[in-house]
Structures are given as C-alpha cells and as structure tokens.
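Structure, as structure tokens:
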Amino acid sequence: MRRQRTADQSDAALVGLALAGDPDGFALLFRRHAPAVIAFARRRSGSESLADDITATTFEKAWRRLDTIADAGDGFRPWVFRIAANEMASRYRSDARRSGREQRTADRAVDAVSQPEATALATIDAERVRHAVGELKPAHHEVIALRFFADLTTGEVAEALQMTPGAVAVRLHRALRELQAVLADGDADHSSRTNEPGADR
C-alpha cells in the first residue's frame, strides 16, 4: 500500500523522498521518466546501446545532483532532459564518427514553430539535419534538442534553461536560422565539388 501511494505522488514529492534518503523516491522517478529519455537518445543517435548508455549516465548525474534542482521537483522532467541533451552533445563532440541515423524529421518543427525557417526545414533530409544540428553553437544545439528531439513544450524548455518562454522563442528562431545557414553551406560545398572538372568521371 505504501508503494502504491508513493507511485501516485508528484515528481516534487518523489524528489523530496529521495533527498530524505528514501530509495523508492528516485527509483520511481527513474521508472517514470527513463522510457522517454531512452526514446529521445535513440532518436538522436540511432543506436540502442548508446541510448541505454546515455540514459544510465543521465540518471547517475541526476542522482548526484538532485539537491541542485531549484524547486521541490516539479521541474524534474525538463531538468533531467537537459542533462540528457548535454550528455548527448558531449558525446557527439568527442565522437567524430557520429554513427546512426536520426529518425526525427524536420517537419516536427513545422508543427510547433511558425517561422518560415522552420517550414523550409520540412523538405530537408533528416540525416542532413542531424549532422547540421551537431555543428551549431552549444546554446542553439541545446534549444533545438530540448524542443524537438526531447519533445519538451516551450514552457518546459524555458524552465529547463531558466529562461522566459519569449526568450526561448527568440533563441529557437535564431537557432533555426543558424541551422538553415549550415545546411545551405553544405549544399554550396556539395555543388562546388560536383561542378569541379572531372567530378563525374
């Protein structure tokens, strides 16, 4: 009966239990949020083994940093996704091979963002988008990862980044513009190589 009552409690209450030394608190937070973190990491990397590794590292860091959550735990989901996004970005920076394929296509951005830049991304191959996102400046990489790969709402992204929703919208707009520029540069490089003498030989 006690376990059932614990399972029904909010994230805030479970964080409080975990901080008080109750192992059930963090165990239930893990069960509640780990599937979504694994799905995010799998979509981002295309690798089940890497997704499992990212998830394990994310929750290990979450456990060690649990007392740093600003509130009582209502923001646990965006907070843990921010850890996962940072861990994923770190892995990509240290792994030049970047294996796997991004399953998420850019038309998810069109569903949530009205900027013309987002609409333009809808026709771009997802693999190209995945590689281009990895080339963005860290702040832009992070906001795109949280909003579109982690499926956080704008409000949750704002909470995770400790920004206002309006500031998130501005950063997201700039991130999408940078992403478009990176993709355009890639198109230009590809075109120049294709047009070199002997390129078709």
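The values are calculated or read from the model by the stated rules, or taken from the named source; none is laboratory data. Just so it is clear, the model here is predicted, and its values are computed rather than measured. Quick reminder, even Gly has a Cβ in these numbers, built from the backbone with ideal geometry, and neighbours come from all protein chains shown. Areas reflect the complete protein model, heavy atoms only, side chains present, ligands, DNA and RNA absent. Shrake-Rupley method; radii C 1.70, N 1.55, O 1.52, S 1.80 Å.
Overview of results
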| read-out | value |
| --- | --- |
| Accessible area in the full protein assembly, largest first, 1.4 Å probe, for M163, M88 | M163, M88 |
| Net charge over other residues, Cβ less than 11 angstrom from the Cβ of E142 (K, R count +1; D, E count -1) | +4 |
| Derived scalar couplings ³J(HN,Hα) [the stretch 130-138; Karplus, 6.51 cos²θ - 1.76 cosθ + 1.60; whole Hz; x for Gly, Pro] | 4, 5, 5, 4, x, 9, 6, 4, x |
| Probe 1.4 Å - accessible area at F30, Å² to nearest ten | 90 Å² |
| Length added when fully stretched, D151-R177, from 0.36 nm per residue minus Cα-Cα | 7.4 nm |
